[in-house]
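Scroll down for the structure; my scribbles are underneath it.
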Amino acid sequence: MTKTVNHWIGGRAVEGASGNWGPVTDPATGAVTTRVALASADEVAAAVAAAKAAFPGWAASSLARRTAILFRYRALLDAHRDDIAALITAEHGKVHADALGEVARGLEIVELACGITTQLKGELSTEVAGRVDVASIRQPLGVVAGITPFNFPAMVPMWMFPLAIACGNTFVLKPSEKDPSSANFLAELATRAGLPDGVLNVVHGDRVAVEALLAHPDVAAVSFVGSTPIARSIHATASAHGKRVQALGGAKNHMLVLPDADLDAAADAAVSAAYGSAGERCMAISAVVVVGAIGDALVERIRERAEKIVIGPGDDPSSEMGPLITRAHRDKVASYVTGAAAQGAEVVLDGTGHTVPGYEDGHWIGISLLDRVSPDADAYRDEIFGPVLCVLRAESYDEGLALINASPFGNGTAIFTRDGGAARRFQLEVQAGMVGVNVPIPVPVGYHSFGGWKDSLFGDHHIYGTDGVRFYTRGKVVTTRWPDPSEPHSGVDLGFPRNH
């Protein structure tokens, strides 16, 4: 029997009323298991209205009350890790261990939100003039929205709404319609933790719902994670409607391997970073730039490791990599491999023919490894978002760095070397927002901020960490003067206040 996923508005499930439904498939079998409601503009407006009604009371609530709810929420999330991970696996396809890792990274931001009291402290300067004090404070924005991608259906929402509501905002989440169930469960657990009705709402939908959120006058800010073309469009549209926007786009993350690197460690890192989550993550390493004569040896080590990866259903404990999210996405990823040789690449591993016995209708693709890829090739220029690793050759550090910096993307990057001086140069010279030194996936911990440069980020604020708190609040400066009771009335003074 097909399951139905409805909206979550005002602290309860609300049946979809638009008459439009989207299919949700099990990527391992290709079967439609769920139908999800696709919101109309009116349904989006209802969610925004619920959030707007809840905002005054929530913004006025004490920090102690907010954090008490968040601590209870954190405990519930921890108790239901396996349940959340199972929903992710069923609809996204990633293996259970990977799904658990996603939940853990989301929990980091919930924990950061639990300590929001210190993040929201203001500043005070006393006696800037006679009995005049100046204070800087931060206040919530109002109703804020999050539009999140399919590849991390629990983690990315948790990168947004816990901080937003901890800061005193109310939230409307529009998750991917491809894997919607975990978002509703996150909202349900928040209600169980005592979050007031309307503070966190979930509306499912497609472009209609997104456009309604971007245009709604009561939405003060929009957070987005997705592809670069859509990030650029959302930033432009929401900004034109007067909203604050953080829009994180796509990536083509490079790993620079210098001749002195530990090749076994570099090969382990490249395989883990390229093929984990089936390559469906914006921090995947999709291009290895190898410097000098070590190229052949590194490619061989990568091939040996990649061939051993076990591909299968995400709920099978023996599986190390699952299927891709949809059949259409699987076919698009495969097209980069089948066209690679004609564009000059050496196809070391071709995973396009991979199937899993008993699951022949699943969205399967195997490991692909392309060597000697040209910077002009489609497989290098585009964000593939699948288990395809490109290897490029460079004669020197400078050539490799120039290649990386020429990319229009600037999300994350890594260098593998034993030379501290070279690593220091790289971290200062590379044009990317997140840098790993002998670390292949440099996703910052929760109390630092996540975000890229160039076409990987549109807007001024990175997500979570200090930047996240600043994005979900706005500053106010208050200047006060309380005359001493014994002070005589000073009369009218049309000049600037004297502070010298």
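Odds and ends about this structure:
- Among residues of the range 61-79 that are farther than 24 Å from L100 by Cα, those with a Cβ under 6 angstrom from a residue that is of a type in the set (S, T, N, Q), sequence gap 6+ or separate chain, pair up as L63/T117.
So that you can scan it fast, the table gives a plain yes or no per residue for (1) touching a helix residue (DSSP H, G or I) at 6+ places or on another chain (Cβ under 6 Å); (2) among the aliphatic types (A, V, I, L, M); (3) open to solvent by 50 Å² or more (accessible area, probe 1.4 Å):
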residue	(1), (2), (3)
N411	no, no, no
A414	no, yes, no
R418	no, no, yes
F426	no, no, no
M434	no, yes, no
V439	no, yes, yes
W453	no, no, yes
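- If the condition is being hydroxyl-bearing (S, T, Y) and in contact with a Gly (Cβ under 9 Å, 6 or more places away or on another chain), then the range 98-141 contributes only S136.
- Reported count of residues in the range 437-484, each being over 26 Å from A135 (Cα atoms) and either among the acidic types (D, E) or outside any loop (DSSP other than H, G, I, E, B) (or both), is 8.
- Restricted to strands (runs of 3 or more DSSP E) entirely inside the range 100-201, those with at least 3 residues that are open to solvent by less than 30 Å² (accessible area, probe 1.4 Å) and either in contact with a strand residue (DSSP E or B) (Cβ under 6 Å, 6 or more places away or on another chain) or more than 30 Å from P488 (Cα to Cα) (or both) are 132-140, 143-147, 170-174.
- Of all residues in the range 137-164 being out of contact with any helix residue (DSSP H, G or I) (no Cβ under 7 Å at 6 or more places or on another chain) and among the β-branched types (V, I, T), the one that is nearest to L100 (Cα to Cα): V156
- Checking E300, E280 one by one, the residue that is touching a helix residue (DSSP H, G or I) at 6+ places or on another chain (Cβ under 9 Å), surrounded by fewer than 20 Cβ atoms within 10 Å (Cβ to Cβ) and modelled with pLDDT of 95 or more is E300 and no other.
- Residue within the range 244-262 that is of a type in the set (D, E), closer than 21 Å to F171 by Cα and in contact with a strand residue (DSSP E or B) (Cβ under 8 Å, 6 or more places away or on another chain) present: no
- Residues of the range 330-349 satisfying the condition of being of a type in the set (A, V, I, L, M, F, W, C), in contact (Cβ under 8 Å) with a residue 40 or more places away in the chain and not in a helix (DSSP H, G or I): A345, V348, L349
- Subset tally (residues that are buried (at least 17 other Cβ atoms within 10 Å of the Cβ) and either polar (S, T, N, Q) or part of a loop (DSSP other than H, G, I, E, B) (or both)) for the range 23-46: 10
- For the range 381-397, a residue qualifies if it is open to solvent by 20 Å² or more (accessible area, probe 1.4 Å) and under 20 Å from K454 (Cβ atoms), and the qualifying residues are R381, D382, E383, F385.
- Residue in the range 171-182 that is over 20 Å from the mean Cα position of the chain (by Cα) and either over 28 Å from H96 (Cα atoms) or not aliphatic (A, V, I, L, M) (or both) present: no
- Flag if S18 is modelled with pLDDT of 95 or more and either loosely packed, with under 15 Cβ neighbours inside 10 Å or among the β-branched types (V, I, T) (or both): no
- Positions within the range 238-268 being over 28 Å from A306 (Cβ atoms), open to solvent by 50 Å² or more (accessible area, probe 1.4 Å) and either among the hydroxyl-bearing types (S, T, Y) or not in a loop (DSSP other than H, G, I, E, B) (or both), in sequence order: S239, A240, R244
- Subset of the range 54-99 [open to solvent by 50 Å² or more (accessible area, probe 1.4 Å) and of a type in the set (K, R)]: R65, R72, R74, R81
- Residue that is nearest to L112 (Cα to Cα) [pool: residues in the range 471-499 that are open to solvent by 60 Å² or more (accessible area, probe 1.4 Å), without any contact (Cβ under 8 Å) to a residue 60 or more places away in the chain and not acidic (D, E)]: F496
The values are calculated or read from the model by the stated rules, or taken from the named source; none is laboratory data. The shown structure was predicted, so the numbers you read here are calculated from the model rather than taken from an experiment. Virtual Cβ from ideal backbone geometry, glycine too; neighbours counted across all protein chains shown. With ligands, DNA and RNA removed, areas are computed over all heavy atoms of the protein, side chains included. Shrake-Rupley method; radii C 1.70, N 1.55, O 1.52, S 1.80 Å.
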